[in-house]
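Take a look at the structure below.
The values are calculated or read from the model by the stated rules, or taken from the named source; none is laboratory data. Predicted, not measured: the structure shown is a model, and the values here were computed from it. When we count neighbours, we look across all protein chains shown, and the Cβ atoms used for this are built from the backbone with ideal geometry, even at glycine. Ligands, DNA and RNA are excluded from the accessible area calculation, which covers all protein heavy atoms including side chains. Shrake-Rupley method; radii C 1.70, N 1.55, O 1.52, S 1.80 Å.
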Amino acid sequence: MTKLRLNLACWNYDRTRALADRSVQPEGIDLNYLELPVEETFFRMLRYREFEIAELSLSSYTMSLFTEQQPFIAIPVFPSRFFRHSCIYVSTAANIRTPKDLIGKRIGTPEYQMTAPVWIRGILSEHYDVPIDAVTYHTGGEEEPGRLEKMPLHLPSHIKVQPIGTTQTLARMLADGEIDALHTARMPSTFSLQGGAVRRLFPNYRDVEQEYFRKTRIFPIMHTVAIRRDVYEQNRWIARSLYKAFVEAQRRTYEDLYETAALKAMLPWLTSHVEETRGLMGEDFWAYGIESNRAALATFLRYHHEQGLSKRLLQPEELFAPETMLSFKI
């Protein structure tokens, strides 16, 4: 029987490598794995719908559900997760010492609708009393001029967002003190561990992020996997087939991370790191599926709505193909 030929655009992750090297193959699918950086994948999928399946920003995907076409349907697989306290950078000239010092300041962010800043703004508001509308957001390229929002914004008037100049970059503006802070996913080129014009708001971010997890049990989700809706509607079985394959690829990575005969990643104390992570977060610390991620998804959707990006508050079940929510029992 001929398999269905589908293209998947996704970055090079340990948890998806078995799909890329074809040692795990989705049932009934001939999967062509296109290894692309996330910015390129998001741009091409959102702008041109180039791929049948793609890693996608959770925020952009959520916004797409409010468009007339609803071009994508996701499966509850999360190739990127990240604690984002480490991703708040401040200008040393701004004299920002605590989160509350951000109030009234100029905050750079590559795109207001990016998933990482959605989490950062939500965490700052909920846990540090920095209201969403207490700052002015400046959007544009972090390292290259001319970056635009991938999704059109229709924000309430009390949220202030304005683009930077056509020749400016956020990384340079932060170092020069033209903005006071930066919410981002990528470390800016103007940051240095040796000190300088740019530093982290939370220098001890690992301790802060671990305490955040102890308090909330949330490991923030950044990306999901989206299927083009026209492809899904013609072959609804592919949602479950893909989900199972992603889970199996991830299972193999869990095993590799705890292999002691020879280290499979270039971290000298990898075994200790895995044991510490399991002690804090449990065996399935990078969980897929809805139930294991209900709190994280519900929190993200609440933040998304509060920040003017969702027209109404969505529930986690509204994000994913129904075929991936339940399974057969024997």
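Quick look at the numbers
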| quantity | calculated |
| --- | --- |
| Cα gyration tensor shape for region 246-285, rounded if a/c is under 1.5, else prolate or oblate | oblate |
| Dimensions (Å) - region 134-243, Cα atoms, principal axes, largest first | 53, 39, 30 |
| Folded to 0 to 90 degrees: helix 38-48 orientation relative to the chain principal axis, Cα | 70 degrees |
| Student exercise, region 191-276 dipole from Lys, Arg, Asp, Glu Cβ charges, in Debye to nearest 20 | 380 debye |
| Eligible lysines near Lys215 by straight Cα distance, threshold 30 Å, same-chain separation 8 or greater | Lys100, Lys105, Lys311 |
| Rounded to 10°, Cα long-axis angle of helix 115-128 versus longest principal axis of the chain | 60 degrees |
| Carbon + sulfur, % of accessible area of the chain - ligands and nucleic acids excluded, 1.4 Å | 52 percent |
| For the chain, size of Cβ-based charge dipole, Lys and Arg +1, Asp and Glu -1, in debye | 320 debye |
| Added length on full extension, which subtracts the Cα-Cα distance from 0.36 nm per residue, Leu155 to Glu27 | 41.8 nm |
| Whole-Å distance, taken between Cα centres, linking region 114-141 and region 273-306 | 20 Å |
| Cα-based equivalent ellipsoid of region 270-316: semi-axis lengths in Å, sorted from largest, via gyration tensor | 31, 11, 6 |
| Around Ser86: net Lys/Arg minus Asp/Glu count, Cβ-Cβ under 14 Å | +3 |
| The chain: antiparallel DSSP beta bridges as a percent of all, rounded to 5 | 45 percent |
| Low-density loop positions, chymotrypsin sites (Phe, Trp or Tyr not before Pro), region 1-107 - DSSP coil, at most 14 other Cβ in 10 Å | Phe66 |
| Solvent-accessible ranking of Trp286, Trp119, Trp237, largest area first, probe 1.4 Å | Trp237, Trp286, Trp119 |
| Heavy-atom SASA rank of Ser157, Ser272, Ser64 (probe 1.4 Å, accessible area, largest first) | Ser157, Ser272, Ser64 |
| Area of Met187 that stays accessible when all protein chains are in place (1.4 Å probe, Å², to 10) | 110 Å² |
| Debye intensity ratio in log₁₀ form over the Cα atoms of region 173-221, taken at each q of 0.18, 0.23 Å⁻¹ | -0.69, -0.91 |
| Cα gyration tensor shape for region 222-330, rounded if a/c is under 1.5, else prolate or oblate | oblate |
| Accessible area in the full protein assembly, largest first, 1.4 Å probe, for Met281, Met222, Met1 | Met1, Met281, Met222 |
| Farthest positive-ward along region 16-96 dipole, Cα basis, beta-carbon charges - from Val24, Ala74, Ser86 | Ser86 |
| Whole-angstrom Cα spans of the chain along principal axes, big to small | 64, 51, 34 |
| Region 1-133: proportion of alpha-carbon pairs further apart than 17 angstrom, % | 67 percent |
| Solvent-accessible area of Asp230 with every protein chain in place, 1.4 Å probe, in Å² to the nearest 10 | 70 Å² |
| Principal axes of region 1-51: Cα extent on each, largest first, Å | 34, 24, 10 |
| Dmax and Rg, reported as Rg then Dmax, of region 196-268 (C-alpha, Å) | 19.1, 55 |
| Spin-label pair Phe213/Glu276, simplified geometry with 7 Å Cα→Cβ offset, distance in nm | 1.1 nm |
| Estimated FRET transfer efficiency (Ala262, Thr166; beta-carbon r; R0 56 Å; 0.05) | 0.65 |
| Cleavage-rule hits, trypsin sites (Lys or Arg not before Pro), region 258-323, DSSP coil, Cβ neighbours within 10 Å at most 15 | Lys264, Lys311, Arg312 |
| Asp256 accessible area, assembled protein chains, probe 1.4 Å, Å² | 60 Å² |
